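Colleague: Shown below is the structure under consideration.
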Amino acid sequence: MQFFVSGIGTEIGKTVVSSILTEYLQADYWKPVQSGDLHLTDTMKVQALTSNTKSFFHPERYRLNAPLSPHASAALDRVQIQLSDFTLPQTTNHLIVEGAGGLMVPLNNQDLMIDLIVQLGIPVILVSRNYLGSINHTILSIEALQRREIPIAGIVMNGEPNLSTEAFIESKSALPVLFRVKHFDEISKSEIHRFTQTLKCLF
């Protein structure tokens, strides 16, 4: 199984969800574009939060210095991101791919993160976070994926529960909610592993 983890925006919880999925599936992990925070990348974070010995952490295709949108960070680094530069890592294991920001984040002056998803050709797991406006952002993200005929494996709800919001999204989208992530008192390797033990068969 291979999944692309995207979110309805930035700071939604994609990296924590990617850690959960990587640990649950004992999957490989790949972040195609890391923009900023090169001293503590998302790959490093996921590696620190997983405890199985099967996962392999593939190097990023682009490591950009500034904590900006990839197209802006790439411009500062004087590199040009091209969709043709990306191919899925070769592995016989499951694979979790984590995007940067939301679906419409620009990679260059023409291509968006959603275009990269189309090129890679794998289903999306969409991370939604409960806040005022999240219904709008979630439904718009789902419609953008569906317009491009990108398969959606399901939604992950992150943050404090809001039953009304979640019920509407589930009903309107007709997509499965794979699991819900409440607030962790401490985001740690042991807590991530403990959480995966509570999950029923997801796929």
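Laboratory data are not the source of any read-out in this text; all were calculated from the coordinates shown. Since we're looking at a predicted model, the values are computed, not measured. Note: ideal-geometry Cβ built from the backbone for every residue, glycine included; neighbour counts use all protein chains shown.
Colleague: Taking a point 7 angstrom from the Cα of LYS200 along the C-beta vector, which residues in region 151-174 have backbone N less than 17 Å away?
Modeller: 154-157
Colleague: Starting from 0.36 nm per residue, how many nanometres of slack lie between GLU191 and THR92 once their C-alpha separation is accounted for?
Modeller: Between GLU191 and THR92, full extension yields an extra 32.9 nm.
Colleague: Here is a further query. Helix-only mean residue ellipticity at 222 nm, the chain, DSSP H runs n ≥ 4 weighted -39,500 (n - 2.57), per residue, nearest 500. What is it? Kindly include the intermediate steps, with their values, before the conclusion.
Modeller: Working: 7 runs with 68 residues, N = 203.
So the helix-based figure for the chain works out to -9500 deg cm²/dmol.
Colleague: Hey, another quick one. Show the residues, 5+ positions off or on another chain, whose built amide H is closer than 5 Å to the amide H of VAL124.
Modeller: PHE4, ILE152, ALA153
Colleague: Could I ask something else about it? Taking a point 7 angstrom from the Cα of HIS39 along the C-beta vector, which residues in region 50-79 have backbone N less than 17 Å away?
Modeller: Only 64-68 pass the distance filter.
Colleague: If the elastic network links every pair of Cα atoms under 10 Å, which of SER84, SER73, SER173 fluctuates the most in the Gaussian network model of the chain?
Modeller: SER84
Colleague: Next up: By how many nm would the segment from GLN47 to GLN110 lengthen if fully extended, with 0.36 nm per residue of separation less the alpha-carbon distance?
Modeller: 19.5 nm
Colleague: Take the alpha carbon atoms of the chain, find their radius of gyration, then divide it by 2.2 N^0.38 Å using N residues; give the quotient.
Modeller: Cα-based Rg divided by the globular estimate yields 0.97.
Colleague: Further question on the same structure: Within region 2-196, how many lysine pairs that are 8 or more places apart, or on different chains, have C-alpha atoms less than 18 Å apart?
Modeller: Lysine pair count for region 2-196: 9.
Colleague: Still on this structure, I have one more. Using a Förster radius of 25 Å, what is the FRET efficiency between LEU140 and GLN82 based on their Cβ-Cβ separation? Nearest 0.05, please.
Modeller: On the way: r = 27 Å, r/R0 = 1.08.
Calculated transfer efficiency: 0.40.
Colleague: If you find the alpha carbon centre of region 20-34 and of region 76-99, how far apart are they in angstrom?
Modeller: Taking the Cα centre of each part, region 20-34 and region 76-99 sit 13 Å apart.
Colleague: Can you work out the FRET efficiency for the pair GLU160 and VAL118, with r the C-beta to C-beta distance and R0 = 30 Å, to the nearest 0.05?
Modeller: 0.35
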